[in-house]
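Q: A single structure is presented below for examination.
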Amino acid sequence: MMQVSSINFKRYVSEKLNDENLQQALSRLQTRFVGGRAAVIGEIADLEASRTAAAAIRDRVLQNLDQWLLHFERQATARGATVHWADTGADVNRIVAEIAALHGVRKAAKSKSMVSEECGLNEALERQGIEVVETDLGEYILQLAHEPPSHIVAPVVHKSKEEIADLFAEKHQRPRKTDIAELCREAREILRPAFLSADMGISGANFLIAETGSALIVTNEGNGRLVTTLPRVHVAITGIEKVVPTLEDVTTLLRLLPRSATGQSITNYVSVLTGNKGAADHDGPEHFHIILVDNGRSSLLGGELQSMLRCIRCGACMNHCPVYQNIGGHAYGWVYPGPMGSILTPTFVGLENAPDLPNASTLCGACGEVCPVKIPLPDLLRQLREKLAERGLKPWQERVALSLWSWMARHPAVYALATKIAVRALKYAGGADGLLHRLPGASGWTDGRDMPAPVGKTFRELYHQGKRP
């Protein structure tokens, strides 16, 4: 499994906020993703009805997930694919290594797969002596830089063009280029031989279609199709929640996914992968393996967080999240950043290993508003915050403060007196300019901004004086 460092979230936040290159890179989110979605989402005349229908499709599967997975397995097997079940990330790595050994694989070409990031698959295969080449442009850049992705759709969004130009010049030993088209061409020239020489192609799957036993991927680069059709062995790795009943259901989801993810009406490539290469086929794998991964997903079934399994990995929640927009993905310390990561990471790796993530949200509601499958993300974050309190994982200062506030709230006279003292003290602290420049216990706010001091009276006092606060 990819190393989890979410316990260091607060330290990472400070580092990222002071990273000028990162801040400049993140500023592009507003135009590229937020603005892009706004420009095309209106093409769906019945948007709310489509979102409701998409949520219903996902819920229909989750209510009987075991049955839909078994139906998918029967259909996939009937068409020549081999289906594997993996409880953990370690199981995924073992299964892929076994498939590689069975077919004499020495080189694997990969398209983008977040599930393989969960499992640390690349490192596991390299320990077995297998060369692994990432062929998605963003993932290839990160492989050269030895960095994890910072976004689930645009994994290299944290890097500038100049940083990539420097990286290519160093790793490719070619003259430095800064034109984007030239950089893409250089990457293409380096990567093209990998498709032709790879024994195995590894991909994810955006959806699994139960009625046909197919894996479906959506991509904007031709690497997805090359990886899944040229090598003699194709392994598709995906979470168990990705199954969808029918092709018709998939069309509903595909109306929403690209518009929410990249601001496109449709992606450049939609590939439906079914079975092995037939005698009359010009391309396709001789052996098609599909790995269905649990890795913590089944623990959400039947519980308060089950709706999180609706997620179709569009990234809209993080694109619109003011926290993600300011700190980027690496601060979250694992594969999944943003609001969806603040729920999935504590669930998958343990709340005690990511106690700050449920609080990494302003609860402004933007994530829930743009989610194409109507996941109530703010509500789920609040539920995780409640679990933090129940398990005593909140900082002791916060627990003491809340206990004190709770006691005072049950004693109105004491509460009123304490409030009067507090507002008068804050008015005094505000000085002549009426601004709080430094507030003990709230340095996270006042280190970077001033707060207006209260007028010196409580809301209750102002109300009784006939003044509306």
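The values are calculated or read from the model by the stated rules, or taken from the named source; none is laboratory data. Please read these numbers as outputs of a predicted model, since none were measured by experiment. We place every Cβ from the backbone using ideal geometry, glycine too, and count neighbours over all the protein chains shown. When the accessible area is computed, the model is the full protein with side chains, heavy atoms only, and any ligands, DNA or RNA have been set aside. Shrake-Rupley method; radii C 1.70, N 1.55, O 1.52, S 1.80 Å.
Q: Could you figure out which of (1) assigned to a loop (DSSP other than H, G, I, E, B); (2) touching a Pro at 6+ places or on another chain (Cβ under 7 Å) isn't true of I375?
A: (2)
Q: Within region 227-254, which residues are among the β-branched types (V, I, T), buried (at least 24 other Cβ atoms within 10 Å of the Cβ) and more than 15 Å from C311 (Cα to Cα)?
A: Scanning region 227-254 gives V227, T228, V235, I237.
Q: Is it true that some residue in region 213-228 is modelled with pLDDT of 95 or more, closer than 27 Å to R32 by Cα, in a loop (DSSP other than H, G, I, E, B) and among the small types (G, A, S)?
A: The answer is no, given that none of the residues of region 213-228 is modelled with pLDDT of 95 or more, closer than 27 Å to R32 by Cα, in a loop (DSSP other than H, G, I, E, B) and among the small types (G, A, S).
Q: Of the residues V83, V96, V92, which is of a type in the set (A, V, I, L, M, F, W, C) and within 21 Å of the chain's Cα centre (by Cα)? Spell out how you get there, then give the answer.
A: Numbers: V83 fails: within 21 Å of the chain's Cα centre (by Cα); V96 fails: within 21 Å of the chain's Cα centre (by Cα).
Within the list V83, V96, V92, the selection yields V92.
Q: From the list D447, D356, D379, which one is surrounded by 17 or more Cβ atoms within 10 Å (Cβ to Cβ), closer than 30 Å to W334 by Cβ and not polar (S, T, N, Q)?
A: Details: D447 fails: surrounded by 17 or more Cβ atoms within 10 Å (Cβ to Cβ); D379 fails: surrounded by 17 or more Cβ atoms within 10 Å (Cβ to Cβ).
Within the list D447, D356, D379, the selection yields D356.
Q: For region 255-274, indicate whether the set of residues that are out of contact with any strand residue (DSSP E or B) (no Cβ under 7 Å at 6 or more places or on another chain), part of a loop (DSSP other than H, G, I, E, B) and among the hydroxyl-bearing types (S, T, Y) is non-empty.
A: Yes.
Q: Residue check: is R382 in contact (Cβ under 8 Å) with a residue 60 or more places away in the chain and under 30 Å from G263 (Cβ atoms)? Even if it seems obvious, please write down each step before you answer.
A: Numbers: in contact (Cβ under 8 Å) with a residue 60 or more places away in the chain: no; under 30 Å from G263 (Cβ atoms): yes.
Taking the combined requirement at face value, the residue does not satisfy it.
Q: Something else about it: Are any of the residues in region 286-307 assigned to a strand (DSSP E or B), touching a residue at least 60 places away in the same chain (Cβ under 8 Å) and under 18 Å from the mean Cα position of the chain (by Cα)? Reasoning before the result, please.
A: Taking region 286-307 as the starting set, the residues that turn out to be assigned to a strand (DSSP E or B) are 287-293.
Still in the running and touching a residue at least 60 places away in the same chain (Cβ under 8 Å): 287-293.
After this cut, where a residue has to be under 18 Å from the mean Cα position of the chain (by Cα) as well, the list is 293.
So far as region 286-307 goes, yes, one or more of its residues are assigned to a strand (DSSP E or B), touching a residue at least 60 places away in the same chain (Cβ under 8 Å) and under 18 Å from the mean Cα position of the chain (by Cα).
Q: Determine, yes or no, whether L22 is under 19 Å from the mean Cα position of the chain (by Cα) and either closer than 30 Å to V92 by Cα or open to solvent by less than 90 Å² (accessible area, probe 1.4 Å) (or both). Spell out how you get there, then give the answer.
A: On the way: under 19 Å from the mean Cα position of the chain (by Cα): yes; either closer than 30 Å to V92 by Cα or open to solvent by less than 90 Å² (accessible area, probe 1.4 Å) (or both): yes.
Answer is yes for this residue.
Q: With in contact (Cβ under 8 Å) with a residue 40 or more places away in the chain and assigned to a helix (DSSP H, G or I) as the only criterion, which of A154, A169, A187 stands out? Explain how you work it out, then say what you get.
A: On the way: A154 fails: assigned to a helix (DSSP H, G or I); A169 fails: in contact (Cβ under 8 Å) with a residue 40 or more places away in the chain.
The match here is A187.
Q: What number of residues within region 175-200 satisfy the criterion of being closer than 20 Å to V105 by Cβ and open to solvent by less than 40 Å² (accessible area, probe 1.4 Å)?
A: Step one: list which residues in region 175-200 are closer than 20 Å to V105 by Cβ, which gives 191-200.
From what's left, open to solvent by less than 40 Å² (accessible area, probe 1.4 Å): 191, 194-195, 198-200.
Result for region 175-200: 6.
Q: Hey, another quick one. Would a scan of region 328-350 turn up a residue that is open to solvent by 30 Å² or more (accessible area, probe 1.4 Å), in a loop (DSSP other than H, G, I, E, B) and either farther than 30 Å from H146 by Cβ or out of contact with any Ser or Thr (no Cβ under 8 Å at 6 or more places or on another chain) (or both)?
A: The answer is no; no qualifying residue exists.
Q: Name the one entry in A53, A45 that is open to solvent by 50 Å² or more (accessible area, probe 1.4 Å) and among the small types (G, A, S).
A: Details: A53 fails: open to solvent by 50 Å² or more (accessible area, probe 1.4 Å).
When all the criteria are applied, what remains is A45.
Q: Could you list, in sequence order, all residues of region 114-146 that are of a type in the set (G, A, S) and out of contact with any strand residue (DSSP E or B) (no Cβ under 6 Å at 6 or more places or on another chain)?
A: Taking region 114-146 as the starting set, the residues that turn out to be of a type in the set (G, A, S) are 116, 120, 124, 129, 138, 145.
Answer for region 114-146, where residues must be of a type in the set (G, A, S) and out of contact with any strand residue (DSSP E or B) (no Cβ under 6 Å at 6 or more places or on another chain): G120, A124, G129, G138, A145.
Q: Could you grab me the full set of residues in region 251-265 that are touching a helix residue (DSSP H, G or I) at 6+ places or on another chain (Cβ under 9 Å) and either of a type in the set (D, E) or free of Cβ contacts under 8 Å to residues at least 60 places away in the same chain (or both)?
A: Result: P258, single match.
Q: For the subset of region 403-441 comprising residues that are open to solvent by 100 Å² or more (accessible area, probe 1.4 Å) and at pLDDT below 80, which member is nearest to V455 (Cα to Cα)?
A: Residue satisfying both the conditions and the ranking: K427.
Q: Still on this model: Given the options E147, E98, E117, E73, name the one that is surrounded by fewer than 16 Cβ atoms within 10 Å (Cβ to Cβ) and outside any loop (DSSP other than H, G, I, E, B).
A: On the way: E147 fails: outside any loop (DSSP other than H, G, I, E, B); E117 fails: surrounded by fewer than 16 Cβ atoms within 10 Å (Cβ to Cβ); E73 fails: surrounded by fewer than 16 Cβ atoms within 10 Å (Cβ to Cβ).
One residue alone meets the criteria, E98.
Q: Here is a check on your reading of the model: is I141 under 24 Å from Q30 (Cβ atoms) and surrounded by fewer than 14 Cβ atoms within 10 Å (Cβ to Cβ)? Walk me through how you get there before you give the answer.
A: Numbers: under 24 Å from Q30 (Cβ atoms): yes; surrounded by fewer than 14 Cβ atoms within 10 Å (Cβ to Cβ): no.
Answer is no for this residue.
Q: Quick check on I217: is it among the hydrophobic types (A, V, I, L, M, F, W, C), open to solvent by less than 60 Å² (accessible area, probe 1.4 Å), under 30 Å from Q3 (Cα atoms) and free of Cβ contacts under 8 Å to residues at least 60 places away in the same chain? Spell out how you get there, then give the answer.
A: Numbers: among the hydrophobic types (A, V, I, L, M, F, W, C): yes; open to solvent by less than 60 Å² (accessible area, probe 1.4 Å): yes; under 30 Å from Q3 (Cα atoms): yes; free of Cβ contacts under 8 Å to residues at least 60 places away in the same chain: no.
No, not satisfied.
For every residue, the table says whether it meets (1) without any contact (Cβ under 8 Å) to a residue 12 or more places away in the chain; (2) in contact with a Gly (Cβ under 8 Å, 6 or more places away or on another chain).
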{"position": "V40", "(1), (2)": "no, yes"}
{"position": "L47", "(1), (2)": "yes, no"}
{"position": "S50", "(1), (2)": "no, no"}
{"position": "Q67", "(1), (2)": "yes, no"}
{"position": "A90", "(1), (2)": "no, no"}
